[in-house]
Every structure is written in C-alpha cells, then in structure tokens.
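What follows is calculated from the coordinates using simple rules that are stated; it is not laboratory data. Please read these numbers as outputs of a predicted model, since none were measured by experiment. Cβ atoms come from the backbone with ideal geometry, glycine included; neighbour counts cover every protein chain shown.
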Amino acid sequence: MSFVLIVLGILIVGGAAALVVVGLRQAGDVDPLEERLAEFADMGEAASLEDIELSQPFRDRILIPLSKKLGEIALRFTPQNAIQEATVKMERAGNPRGLDPTVFFSLRLGVGIFLGVAMFIVLNVLAGDNVKVLYRIGGPFLFAALGFYLPDLWLTSKITRRQDAVRKAMPDALDLLTICVEAGLGFDAAMKKVNEKWDNELALSFGRALQEMQLGKLRREALRDMADRLGVSEMDSFIAAVIQSEQLGVSMAKVLRIQSDDMRVKRRQKAEEEAQKAPVKMLFPMAFLIFPTIMLILLGPAGLQLTQSALGDIFF
C-alpha cells in the first residue's frame, strides 16, 4: 500500500506541475482569436466566427478562459494589499509569460483545489480504513494549503534569479556607462548603448526606462520606477546617486566611476560570502548521501563475514 501511495503522490505532483504549466502558457497580450482570424485572412479562406473558435487549441478555448474566470472569483475575496503585493512581485519577476494577477490567483486557487481533492481521494477512497481519521481529514487541507502557496514559491524563485542576474550584470553595465559618458555621450545615449550591447535583464530594464522617457516621463521618475521594478538594493543606491548628481550638477562620469568600483567590490564580497556558505551547504548531502554509501562499501563485507561467524550466531 505504501508503494501505491508513493506512486499516487508522484502522479499528483506531476499533475499539479502540468496544471501550472498550462496556466502559464497563455499568449500574453495577443488575442488568440484575432491571431487565428489573421491566419485565415492570409490564407484567403472565408470562415465563420464559430469555425475560427473551434480551430483554436483546447488550451485557448477552455483552459485559459476558465483560469481567468477562476482568478476573477479569487480576486473578489482577496484583499487589495495582497493584489498590489502580487502585482509588485510579478513586476520584479519580469512578468513571466505575460502573467497578470487574475491568472496568478487562479493558478493558486486551482492548484490548491486540485491537490486537496486528489489527496482526499487517495486517503479516503483508495487507502480506506488503513489511514487514521486525523490523516484523512487533515491531509487534504494540508495539501490544499501547499498547492495554494506553490505558485507563490515559484514566483519568489523567479524574482531571486532575476535579481541575482541584475547584480551580476551591474558592474559591467556601469563600466560601459562610464566609458560612454567619458567619451562625450549623454546618460540617455549611454543607457541605449547598454540596451543595444547586451540581452539580459538589466539591459531590458534600461530599454524600458528609455521607452518611458520617450513617451514623456521624466528621467528621474523613469529611473525610480525601474529601481522599484527590479527591487535590488544596489540599483536603488545607483539610481539615487545618479538623480542626486543630476540635481546638484556633479560630474556624471565621476559618479558613474565611483558607483562602478563600488558595485565591483560588492560583487566580490557577495562571491566570498557564497564561498563561505559552501561548506555548510555541503554538510547535509555528505552526511545523508555520501557518508552512508562509504560506510556501506567499507563495512558491508565485514558485516557479511560477521554474520557467518560464531559471533553472528549470538546477535542474529
């Protein structure tokens, strides 16, 4: 029975992961119906609206609208602070796959319901009387709560990876900014060079800030919004220094040079900190995976010989 429960647990986790992937694979800002209509128009075929809708995949016709409806229901019972916090998290994660609060909360609610119902079936229908009543009642609620927080954990991991990528790219980007400004370019033109040269999260953030400035937003406001979207403390200090130098009339090249050196020192300190954490992180796999294997290889033959000796008759 334990083997059956393990297999069912693996199937449940796999189904939850598939549900998350299906929920995230939406088309973003592109309307799938308009996209299919454009395809029919390019082929020169006349088709009705019903034919176009039926030609869409099952994900676009059923799953995505259902997830959005489910998310709208979840948003009605969600506090405004939680919605704003989720919006900020999605901005800092880079809006993966065009994710919006509606789809995000529908994912949380859908995965929670799916895991809760699946565990209820496993513990109450398949396992039957072999499981205690406490486990049969509390297990579904525990897995439902776990499924509700799994998308949030995934989003947090995306934020962490994106912020680490920004921290690693900042010293090189500031070096390029410094070189461009010292060569006579303006700060906006230097940001454009960074955006053109690299294709990473920091370069894309600079490109978005430039687009906002072209649409009429002030430079300091666009830079502050960029720092808020990234949520990196090093970027906050850099933007504050740039805005202060602009307001006080300090040389931008000198400020960028100082900030570049400071960012490089911080990156080296971060690498040294991670190196100091490595022995502690290696302790757990060594204690639970490597040492038992070594003990089994070294003491296994001796243990077999011991069982066949006269001393083994005493203990075995």
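Ranked highest first by the average count of other Cβ atoms within 10 Å around their residues, in what order do 193-201, 232-240 fall?
232-240, 193-201
What base-10 log of the normalised intensity I(q)/I(0) is obtained for region 66-215 from the Debye formula, alpha carbons as equal point scatterers, at q = 0.19 Å⁻¹?
The Debye formula, applied to the Cα set alone, gives -1.08.
Binning at 10 Å from 0, report for region 165-268 what percent of all alpha-carbon pair distances ends up in each bin.
Final binned percentages: 16, 54, 29, 1.
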